[in-house]
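Notes to accompany the following structure.
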Amino acid sequence: MTLHQRRSNVWQYIIPELASENRYLMHMLLALGGIHMVKQKADANRTVVFEDSDTVDLAIIMAHHQRGLEGFREDVSRISPSNAEAVFTGSMLVVAFAFAFLEIQDLNPLTGPINGRSGAMTDVFPTNTIPRLNWLYLNRGVTSVISDQWQVLKTGRLRQILSLQHSEGVWVGSSSNAPSRLSRCSPRLVKFADGARQAVASIKASLNMLEHPWDDLSSCSGTPTSQPSPPTTLNWAMDTHNETIRILESFYSRILSVLGCASTENPTDKEIQLDFEEAALLSWPNLLPSAFLALLERSDQNYLRGLSLVILAHFYLINTLVDTWYMRGSFESEIPRVHALIGALNENDLLTFMLWPNEVMSLPLNCTL
């Protein structure tokens, strides 16, 4: 679950101890362990077809997960200092399971609609017009638990999980000469470093284009028959996109700075991943404006919604740089899904923004030496 020894100790000893005290946590922990085993089988052979025994295993896993969720919801409803650690642990287990499940649900027929399924898996069968976002809302939910019970958690048994050695400010203004320093290591990271700034600049340029009158937008977006959007709506969407792209840029800069701060010319995969963890790269969902999520789920204008999806795909790319078992492969499958959603909008110029993310994630994440 983590490369850091002090956090590994929490996962190896403290969380099982909490699970022994809370039946629902034990169900969730068993489900996470089970999905890890299933995912290992899938990762071992990407062309594997699930056998009947795998389906039975996954059915047992989902049963444990659902029983865990039932108890978790009850505990959340009465959260207090006395159960804050258990609720926080449950939140982390739910999020990790959701990350891993993103890939598994596309490989196994059992992950079709199941009567009574609810909670963490309710949106795993979305329509063809919206992205799968439930994992993102779950991630944001963890933050609400932390913020409400921060004083208890920061001095409790899980404090090492919350402790990061480097604040965001450590990475600001650091060197970002990643391409030359990592020229023989991790092709995916090198490709990311080569194109990250230009990718953000290109999206910004598209946002600037939207500052022109709506008629100009219609002509360049290929939708001249679209109904004009009220100025207030367009301005609101513009402000939301600008705020979101600033967050994207800050996380891209954080990644580039981490790479530039490497202690050796050819740092190991583990060294980089350790710094990625300290830089809290997976925390970006907690910073997204709620208005941006609303634009992802509903928008009257194809171009505005397509641009939201483009930005989302570029955030997803961050997750493909993090090498943990529960993340591995999940967002490599989500980016093509978002790509397809953009293509369905018939806004062909937006598809050009997807070339770079697809190129980056197609490359190996591990060193080739």
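The values are calculated or read from the model by the stated rules, or taken from the named source; none is laboratory data. This is a predicted model, so every value here is computed, not measured. Every residue, glycine among them, receives a Cβ derived from its backbone with ideal geometry; neighbour counts consider all protein chains shown.
In this structure, R328 does not qualify as among the charged types (D, E, K, R) and either part of a helix (DSSP H, G or I) or not assigned by TED's automatic domain parsing to the domain that holds A237 (or both).
Scanning the range 297-314 for residues that are crowded, with 21+ Cβ neighbours inside 10 Å, in a helix (DSSP H, G or I) and not hydroxyl-bearing (S, T, Y) yields L304, R305, G306, L307, L309, V310, I311, L312, A313, H314.
Taking helices (runs of 4 or more DSSP H) that do not extend beyond the range 1-67, which have at least 1 residues that are modelled with pLDDT under 85? If you could, list the steps in order and put the result at the bottom.
Working: elements: 5-9, 15-21, 23-44.
Filter on the range 1-67 gives 23-44.
Kindly indicate whether any position in the range 265-287 is assigned to a loop (DSSP other than H, G, I, E, B), without any contact (Cβ under 8 Å) to a residue 12 or more places away in the chain and touching a helix residue (DSSP H, G or I) at 6+ places or on another chain (Cβ under 8 Å). The answer is no; no qualifying residue exists. Screening the range 330-369 for residues that are small (G, A, S) and under 22 Å from I130 (Cβ atoms) and picking the one that is surrounded by the most Cβ atoms within 10 Å (Cβ to Cβ) gives S330. Inspection of the range 268-284 identifies at least one residue that is of a type outside the set (A, V, I, L, M), under 12 Å from the mean Cα position of the chain (by Cα), surrounded by fewer than 21 Cβ atoms within 10 Å (Cβ to Cβ) and at pLDDT 95 or above. Would you be able to say whether some residue in the range 131-147 is small (G, A, S), exposed (fewer than 13 other Cβ atoms within 10 Å of the Cβ), modelled with pLDDT under 95 and within 30 Å of D75 (Cα to Cα)? The answer is yes, given that some residue of the range 131-147 is small (G, A, S), exposed (fewer than 13 other Cβ atoms within 10 Å of the Cβ), modelled with pLDDT under 95 and within 30 Å of D75 (Cα to Cα).
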